[in-house]
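Any read-out appearing in this document is the output of simple, stated calculations on the displayed coordinates, not a laboratory observation. Quick caveat: nothing in here was measured; it's all calculated off a predicted structure. Glycine also receives a Cβ, built like all others from the backbone with ideal geometry; neighbour counts cover every protein chain displayed.
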Amino acid sequence: MALTENQGDERIHVPPSAGMPVLHKVIFLVLLAFLMVLPFMVYPVFAMKVMCFALFAAAFNLLLGFGGLLSFGHAAFFGTASYVAAHAAKVWGLTPELAVLAGTGAAALLGLAIGALAVRRQGIYFAMVTLAFAQMVYFFALQTEFTGGEDGIQSVPRGDLFGLISLQDNIALYFFVLAVTFGGVLFLYRITHSPFGQVLKAIRENEARAISLGYNVNRYKLLVFVLSATFAGLAGATKSQVFQLASLTDVHWSMSGEVVLMTLLGGMGTIFGPLVGAAVIVTMQNYLATFGAWVTVIQGVIFVLSVLLFREGIVGVISRRFKRPL
Amino acid sequence: MGQLFLGLINGSFYAVLSLGLAVIFGLLNIINFAHGALYMMGAFIGWMLLNYAGIGYWPALILSPLIVGGFGILLERTMLSRLYHLDHLYGLLLTFGLALIIQGLFRNYYGISGMSYQIPAALSGGQNLGFMFLPNYRAWVVLASVVVCFGTWFMIERTRLGAYLRAATENPVLVGAFGINVPLMITLTYGFGVALAAFAGVLAAPIYSVNPNMGADLIIVVFAVVVIGGMGSIMGAILTGFGLGLVEGLARVFYPEGSAVVIFVIMAIVLMIKPEGLFGRAV
Amino acid sequence: MIKRLATCTTALALIAGAPTLALADIDVKLGVLNDRSGVYADIAGEGSVIAARMAVEDFDAAGKGLNVEVISADHQNKPDVGSNIVRQWLDQEGVTAIVDVPTSSVALAVAQIVADANKIFLASGPGSTALTREQCAPTTIHWTYDTAALANGTGKAVTDAGGKKWFFLTADYAFGHSLEENTTKVVEANGGEVVGSVNVPFPATDFSSFLLQAQGSGADVIGLANAGGDTINAIKQAAEFGVTQAGQKLAGLLIFINDVHALGPQTAQGLQLTSAFYWDTDDATRAWTERFEKERGAKPSMITAGVYSSVLHYLAAVEATGSTDGDKVAAWMKANPFEDALLGKGYVRGDGRGIHDMYLYEVKSPDESTGEWDLFKKISTIPGEEAFLPMLPECDFTKS
């Protein structure tokens, strides 16, 4: 049932009471330090894009890697939040943090609605059901007025954080995005290492056993689905503030495919894998933009190679090498 | 009345495609995400045969599915067969990647505007049925898909070969012990399912423009059809395909704005009432 | 007054600039941003890059002290990808003008960024009228066409020719609705009426049931308020269902020569459409097309022709002002008319709208067509002043 191949070994098992292992603490701190100086080395907007997608992939990974559920419709949450946040900032004139919250809330509600239906099915059916719902959301976004159809919502103002700090400057915005996404990733980490995460794992490994132990499996699945949708929404809402726009791209099914690819490439079920995967894919899209249609082909090839030869993903391989959960 | 008939025509594409998916799923337990791409490939190969080799529509109707079927067999042998011992979701991911590659390649070489493919001379023109003008070609599409669908159903449900197939689905080890080459059967099944997609592609070529994206949008609708019908039965896939074509046809008249989502709405309702699908067995 | 001021500054710049030009070359970097993999890859794509290079060559930029470089990228029709590339180009690569940008959603995002950076946006590819209206910007030069001009040209001509009763097949999203709305106004202003319309979900492959509704409406003309693959499919299926044979006419409101080429004259014959450019117009366009075709392997669309034309005018502005400053260059481009081999004579209005003649064409029948690309015959010329929407006063950047 579980997607990770060596589900038997306990490589990502961390006792919930132990707090954060030193290794993870060090990695998070190094990562944070690196991200602090990053905007002065590369183009800040690009770095922000990577961070938004890293959070998106991490949220997706919560569902796939830890919940064992493959959703092919996560763009629905990402995109809906992006639209709502853009609308909130532009039309309602909300400050960035409130706009992001509004978007995230919308994604959570949508996650609840779709999740309630989708968790009735498993495996491949689950994937197709989420895909179909995401497609409905896509058509909705295309046809309703407030999304601006294929033009999307353009020129979203960057606004003042808490009504005080102007985010016009790329660097100021960068640190806002850093705080949101890094906080989000840490929170997701916390969830997976909580008792709740342990139950999820039990369900993933052996659903029948979890049921016989008295767990309401569907309720756990729904909860993890909603959490994943919420954080995907947080990523999408943040992205709309960075690019000052929300568009159909964010809700299209190819976006759902991309986030699967990021997670798969980085290593599903790992902590840092989705972050690595997102960084690799976004960088690739950025630098291969001149190759036009070949980007799609290259993504496809990566997909195929990851599935055939490289199922543990980049971080998964490293993690096995060092015999440490990463 | 005329609108219902048009719905039936669309339904025939849904039926042939969801049938292919159902056949593949039945034996391989893989959702073939590349189905839409292979449908597109079928149409393109029909076009190529005509433009590079001067081979017309009728031979292409046979040749193109054979070529695509062969290609499918190649994919199954070299890639899919490595995944059978893993979770089925890997099959979905692999075929998704394949779909990206196939669509990307065709887009690179043939652009996006699409190619035109003329309706074969024997089927051009149409009949005035009083309530509507029915192009001969559309009538042929319905006829051809009905024949293919029921032929497939007959083969699987009523012949010895089909009995082996169904048995292998239930218990591959046991069937293997009886001396039947199960892996070969799996390979051929995949080839056959894919050939069905290509067949639908060639059928579609003269009425829709032959372009690299033609399968991408269709496949998601077909997935919904499959979820509604349930994966259990061949007949279920066929009937749901035709039936949903009709429903969509009606929606186009009474509420055109919603016609693109009507199938997804039905899917949501079916999931609430009968999660295993209309004709499905519980999974 | 303003115009005089603009010419004054231009003259000053000319006088002041002339000696310095000889000393130091001006670096000009053209960023051609368009769709190289999706729906607009054929009408723009690599063709626009080639057209931009040809303009640089024909202008003899090197001989005039301009050091021009052309770079390009694929925006994949995604506004976020496009705006990211443009920001990077402007902030880091020293791009002085963004060229082409089909797909309105991307173009609208780009226009704002370019204005903030005070560079120039030569928009040949996008069709949205918002570029010079709701979202007008001082540095946006909307060169080749817009949806209103196409709707206007086709709508008026078809109604005048006796197509009084219209039925619309409308792609059900903002673009489709605005196209329908624009055309409806024109049709009604010219004594026609709209007898019905149906909103078709986008994208659609099967139009048969909508065509049947159109057929039943008793309209003379079926207006196709859609684009790209949708238009192609609708036209193809209209032929199949005998809609055109039965006497109803089709009017394509946004259709390019590459679409007609994909359909072939057999299917598309009789279709009327508006365009800013057709390759087989005169000796000059044929000669240019021959050069273009050697590199591209296909005939140019009006978008590629527009890229050539707009880059020429831009380079002239940079040479004259001795600057790549967005406001200065835009002011010069608006103050001075242009003339080139492809779009003929024209000028740029205060809101950045390029004004030039548009033409109404009809697709030839297979008997009339002598070659694969021999597709259009000209019906009439629509003078620039009539073709485009009037300027909104608040968007006139030459005043204020």
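Below is a table of values for the structure above.
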{"item": "Computed Kirkwood radius, in angstrom, where 1/r is averaged over Cα pairs of region B:18-154", "result": "17.1 Å"}
{"item": "Residue among A:297, B:187, B:10 farthest towards the positive dipole end of the protein assembly as shown, charges placed on Cβ", "result": "B:187"}
{"item": "Mean shadow area of region A:41-322 over all directions, Cα convex hull, nm²", "result": "15.2 nm²"}
{"item": "Three-way shape label, region B:71-151, alpha-carbon gyration tensor, a/c 1.5", "result": "prolate"}
{"item": "CD proxy at 222 nm, helix term only [per DSSP H run n ≥ 4: -39500 (n - 2.57); per residue of chain A; nearest 500]", "result": "-22000 deg cm²/dmol"}
{"item": "Chain C: relative contact order as a whole-number percent, Cα under 8 Å and 6+ apart", "result": "19 percent"}
{"item": "Gain upon complete extension [residue C:381, residue C:185; 0.36 nm per residue less C-alpha separation]", "result": "68.5 nm"}
{"item": "Helix-derived mean residue ellipticity, 222 nm - over chain C, DSSP H n ≥ 4, -39500 (n - 2.57), to 500", "result": "-13500 deg cm²/dmol"}
{"item": "Tensor-based shape of the protein assembly as shown (alpha-carbon gyration tensor, a/c under 1.5 rounded, otherwise prolate or oblate)", "result": "oblate"}
{"item": "Extension gain (nm, one decimal) between residue B:77 and residue B:136, 0.36 nm per residue minus Cα-Cα", "result": "17.3 nm"}
{"item": "Simple spin-label estimate for residue C:60 and residue B:86 in nanometres, 7 Å along Cα-Cβ", "result": "6.3 nm"}
{"item": "Virtual spin-label span in nm between residue A:113 and residue C:325, 7 Å along Cα→Cβ", "result": "5.3 nm"}
{"item": "Charge dipole magnitude, Cβ of K and R +1, D and E -1 - region A:41-322, Cα centre, debye nearest 20", "result": "900 debye"}
{"item": "Cα pair distances of chain B binned at 10 Å [whole percent]", "result": "7, 28, 36, 22, 6, 1"}
{"item": "Rounded FRET efficiency, nearest 0.05, which uses the C-beta distance separating residue C:118 from residue A:162 and R0 of 35 Å", "result": "0.70"}
{"item": "Which of A:78, A:134, A:211, positive extreme of dipole for chain A (C-beta unit charges)", "result": "A:211"}
{"item": "Nonlocal Lys pairs with alpha-carbon distance under 29 Å, chain A (8 or more apart, or different chains)", "result": "11"}
{"item": "Cβ charges +1 (Lys, Arg) and -1 (Asp, Glu), total dipole of the protein assembly as shown, debye", "result": "3080 debye"}
{"item": "P(r) of region C:262-306 over all Cα-Cα pairs, binned every 10 Å from zero, in whole percent", "result": "25, 48, 28, 0"}
{"item": "Rh (Kirkwood; distinct C-alpha pairs) - region A:118-170, Å", "result": "14.3 Å"}
{"item": "Projected label distance in nm at residue B:122 and residue C:161, using a 7 Å step from Cα toward the beta-carbon", "result": "3.8 nm"}
{"item": "Residue-span extension gain [residue A:205 to residue A:91] - 0.36 nm each, minus C-alpha spacing", "result": "36.4 nm"}
{"item": "Test item: B:257-270 mean partner chain Cβ contacts at 10 Å", "result": "5"}
{"item": "Among the listed pairs C:164/C:364; C:29/C:334; C:78/C:249, those beyond 26 Å (Cα-Cα)", "result": "C:78/C:249"}
{"item": "Estimated dipole of region C:93-229 in Debye, rounded to 20 [Cβ of Lys and Arg +1, of Asp and Glu -1, Cα centre]", "result": "200 debye"}
{"item": "Share of Cα-Cα pairs in chain C lying beyond 27 Å, as whole percent", "result": "48 percent"}
{"item": "Sorted by Cβ density within 10 Å, fewest first, the residues C:91, C:172", "result": "C:91, C:172"}
